[in-house]
Structures are given as C-alpha cells and as structure tokens.
Amino acid sequence: MNEPLNSLGVIEGFYGRPWTPAQRRRLYGWMASWGMNTYLYAPKDDLWHRARWRDPYPLREQEVLASLASDARSHSVRFVYALAPGLDFDWGAPRDQKALLGKVASLTALGVRDFALLFDDIPCRPDRAAQAKEQVQATHHVQRFLDAQGPGGPLLFCPTEYCAERAVPTVTASPYLKLLGEQLDPRIEVFWTGPQVVSPQISAESLREVARVLRRRPLLWDNYYASDYTSRRLHLGPYGGRPLELRTEVSGILCNPNTPLEPNFPGLASVADYAAASPGWTAEASGERALNAWLPEFTAHQPAELAVTAEDLAFVADTLYVPHRTGPRAIRLLEAARRVADEPRHQASRTVLLAGRRHFRRVLHALETGPNRDLLYDLHPFLADVTEELTRLLAAAKAGRTTFPYRGGLADGLLRLGWPE
Ligand code: GDL
C-alpha cells in the first residue's frame, strides 16, 4: 500500500497575466482552510521565471517574492519557486551552469527554501535521451547546491515529456522517460499531467505505468481547471474523472487552475474534498458542497428577495463546467436553444431560455451590487456573454425569425467546425 498524498495544492503555472500579490494571499487563506499545503510559483509569463530566467529579479519584485514566501509560510503553505530555464539553457556552457546557481542563490537570499525546475513546453531535441541526461545533470547541479545550503526539501522536476501524449514513442518505450527513471535522484519528484495535457480522465493504471518507468510515483500536475487556452470558458464544476484510488498512485496533487483567481474557489474546494474523501464520494455531491461554500460571496449585502440561490449558482456553474463537458442544466438549455432556433414559437423551450437567463441575471446583478469586485470582474465577461446570446435568441424567436446576426468572431467560427449538429 502506497503512502497518502505528500502534497496537495495549487500551481500558478498558466500562460497569461499572473495573479497579483493580494490575490495570492487570498489563495493562501483558502488553501489553509482546506488543508492544502503546497503552492508552486510558476507563472509562465513572469518574465524572470522563464524568458529571462538568468537575470535576477528587480528590487521591487524581490520584495514581493520575499513577502509572498513568508505569507505562504504563515498559512502553513509551502512556497515552492519554479525556474524554467529550458527555452535556451545550454548545459555545455559554464556560463549557464553558473547562471542557474546564481538565480537560485538570489532567491534563497529572499527566504525561498523550496524549488522546482521546469522543462515543459520547450523545443525537443532529436536525441531525447541526451536531452534528458542534460536536464538530469542540471537538476543534480542545483540539488547539490541546495543540499549544501540547508533547510529546503528536494527539488520538484517537470519533464519535457510530461504526459502520455507527449511521450515518444510511448510511455513505456520512451528513451527520455527511461533515462529520467534510471538517473534522476530518487528523492526528486517528477510532474505528470496524465494521458493528455488537459486530461478529462486519469486512470490509476496509467499512473502505475508511468511510475514503473520513472521509478517513483508521479506528482500530478493537474490542468483539469486550467483556462489559459480559451477565452470562452472557465471551469467551476466538480473535480472528476479521477477515481479515489488514484490518490495512492501519486505523491501529490497540484492543480494549475483557471487564470482568473476568484472563480477557482469551487474547483479547488472540490479538489480538497476529493483528497479527503471516503468511499462513496461522488463528484456531483462534491460540486454541490463546493458551490454551497461559495454562495456567501454572492449573497453578502443582498436583500432576501434578490439574493442569489443555490440553484442560480448551480446553473452558472453547469454552463462553465469542466473541460470537454457542460453540466446537465446547460445541456438542457442548449437543447431548448436548438429547438427555438428551429421553431421560434416553441413555447416550452422559450420558457427554459427565459428561466436560464433569469439565473444569469440574478448572479450578475448580485455581483454588480456586491462587495467582491474582483469576482465581478472575473465572471462578468462570461455571464454577460451568455445573457446577451440568450437575449438575441429570444428576441429573434419573439419576432418569429430563425436567423439572427452572427457575433461569435473567428475563434467561435473555428470552434463550431467540430461541433456535432
Ligand atoms: C501546459 C503547460 C501549462 C499550461 C497548460 C494548459 C504543463 C506542464 N505545462 O502544457 O503551463 O497552463 O498546458 O494550457 O502543463
């Protein structure tokens, strides 16, 4: 029987605008209340994390990182700083070997104790095993330096082949993964995102397979809630597609979630719920618990007659559910919308659309008049989008029309190419 999860937490590891220091502090508060213990600092577009990894942070940024690390600690959250040198790292150049340690030293001086090295999303060399060997050497070079320094734990490591679809030719036959398994210091944990970059399902057996190759349980980097690859979606639904037995096949679960911070509350709450679950746990019930815990953000300062209900929130969450799926209420709404588009006078379907729009409007109104402005700003584009499209459809139906102006833009047009009629 494997050990339970060593680490549970959040990766700020997406492309696009990083969170602000105040948002990160808010996150640490949530994490502490859910018993999450690890935060990985890895925003792809922090200039000094990746593109200019060799350069020290400017003074102002150094202060921010130092106070974040200490804030995290005061919430009993381990702050792990990730460096991503892979875009142009040259292991053969003594200058780069020096730069690597120089950067790590500049961060230990700020009170950072724990580190990760990330080699995801970088150019792949034809000789994959040689690339793995260099990454192992660079990692051991940093690990030796950290061991000599003192208190931190072993490094975390993100491989270039970090999911089955990136393994060449397969997980079990990959020279890259084999070399990591054989040569990487066994103390070092290795990230894995599952069968895909964003994996709708992850089986326990697929993790046992990669563990055999890596000779250690992988550390799950879960992109289930990530939203940096789309501007049309957020993910507010329950943590699913991961059987409970997965928990003993990984050394930990770290989630790289939605780019806007505030809408991460329900998903991350559901991850924590999953981590502590007993047999009989279901994703649906977990999603409901998470939304109930989130509801006060929408009801504060609302008179009872205007207050957002659990059903309003569930409706919105079903619309912005999980990758590759919408929730049951959104499926019914879409069915009604299709019917109305064909048969504008179909009253029952129009009623479904009107009711759906009411849920959206109530949530939007509560946010517009409530105290959590960040939550309003984060959700507004998504709530406004659906409300507007429903209004457009209802107006056309009322006028008996089955055609309406198309406002989706190119990205939407491209997406529709894959949409079953
Ligand atoms: C990735 C990136 C991650 C990004 C995510 C979703 C890993 C290891 N790396 O491949 O930074 O946010 O996809 O777009 O997941």
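Things worth noting here:
- Residue-level check: of (1) part of a loop (DSSP other than H, G, I, E, B); (2) open to solvent by 50 Å² or more (accessible area, probe 1.4 Å), L110 misses just (2).
- Scanning region 405-418 for residues that are part of a loop (DSSP other than H, G, I, E, B) and either at pLDDT below 70 or under 20 Å from T391 (Cβ atoms) (or both) turns up P405, Y406, R407, G408.
- Scanning region 179-189 turns up no residue that is of a type in the set (A, V, I, L, M), more than 11 Å from the ligand (Cβ to nearest atom), open to solvent by less than 10 Å² (accessible area, probe 1.4 Å) and within 24 Å of P323 (Cβ to Cβ).
- Members of region 1-24 that are away from the ligand (no atom under 16 Å from the Cβ), touching a Ser or Thr at 6+ places or on another chain (Cβ under 9 Å) and open to solvent by 30 Å² or more (accessible area, probe 1.4 Å): M1, N2, E3, P4, L5, N6, P21
- Of the residues making up region 350-374, those that are open to solvent by less than 20 Å² (accessible area, probe 1.4 Å) and either more than 21 Å from N258 (Cβ to Cβ) or among the polar types (S, T, N, Q) (or both) are L353, G356.
- Every pair of residues 6+ apart whose Cβ atoms lie under 8 Å, when the first sits in region 190-218 and is assigned by TED's automatic domain parsing to the domain that holds R247 and farther than 16 Å from S251 by Cβ while the second is among the acidic types (D, E) and open to solvent by 10 Å² or more (accessible area, probe 1.4 Å): P195/E165; Q196/E165; V197/E165
- Filtered residues of region 242-254 (kept if part of a loop (DSSP other than H, G, I, E, B) and either touching a Leu at 6+ places or on another chain (Cβ under 9 Å) or in contact (Cβ under 8 Å) with a residue 60 or more places away in the chain (or both)): R242, E249, V250, S251
- Meets criteria (open to solvent by 30 Å² or more (accessible area, probe 1.4 Å), touching a strand residue (DSSP E or B) at 6+ places or on another chain (Cβ under 8 Å), within 15 Å of the ligand (Cβ to nearest atom) and not polar (S, T, N, Q)) for P43: no
- Scanning region 81-136 for residues that are under 22 Å from A148 (Cβ atoms), under 21 Å from the mean Cα position of the chain (by Cα) and of a type outside the set (A, V, I, L, M, F, W, C) yields Y81, D114.
- Any hit, region 270-283, residues being of a type in the set (S, T, N, Q), over 28 Å from N6 (Cβ atoms) and in a helix (DSSP H, G or I): no
- Residue in region 26-42 that is of a type in the set (V, I, T) and free of Cβ contacts under 8 Å to residues at least 12 places away in the same chain present: no
- Close contacts from region 292-315, counting a first residue that is touching a residue at least 24 places away in the same chain (Cβ under 8 Å) and a second that is exposed (fewer than 14 other Cβ atoms within 10 Å of the Cβ), with Cβ to Cβ under 7 Å and a gap of 6+ residues or different chains, come to A300/P371; H301/P371.
- When we screen R289, R339 for residues that are assigned to a helix (DSSP H, G or I), open to solvent by 50 Å² or more (accessible area, probe 1.4 Å) and touching a Ser or Thr at 6+ places or on another chain (Cβ under 7 Å), the only hit is R339.
- Exactly one residue out of G327, G400, G356 is within 27 Å of the chain's Cα centre (by Cα) and not assigned by TED's automatic domain parsing to the domain that holds S199, and it is G327.
- Subset of region 306-323 (residues that are aliphatic (A, V, I, L, M), in a loop (DSSP other than H, G, I, E, B) and surrounded by 22 or more Cβ atoms within 10 Å (Cβ to Cβ)): V308, L320
- Here E288, E262 are screened, and the one residue that is assigned by TED's automatic domain parsing to the domain that holds S203, modelled with pLDDT of 95 or more and of a type in the set (D, E, K, R) is E262.
- Verdict on Y377 being among the hydroxyl-bearing types (S, T, Y), at pLDDT 95 or above and either surrounded by 14 or more Cβ atoms within 10 Å (Cβ to Cβ) or in contact with a strand residue (DSSP E or B) (Cβ under 7 Å, 6 or more places away or on another chain) (or both): no
- Selected residue (only one of Q143, Q149, Q131, Q135 is in the same structural domain as A82 (by TED's automatic domain parsing) and open to solvent by 40 Å² or more (accessible area, probe 1.4 Å)): Q149
The values are calculated or read from the model by the stated rules, or taken from the named source; none is laboratory data. Bear in mind the structure is a predicted one, so any value in this text is a computation, not a measurement. Here Cβ is always computed from backbone atoms with ideal geometry, including for glycine, and neighbour counts include all displayed protein chains. We work out accessible area using only protein heavy atoms, side chains counted, and drop any ligands, DNA or RNA first. Shrake-Rupley method; radii C 1.70, N 1.55, O 1.52, S 1.80 Å.
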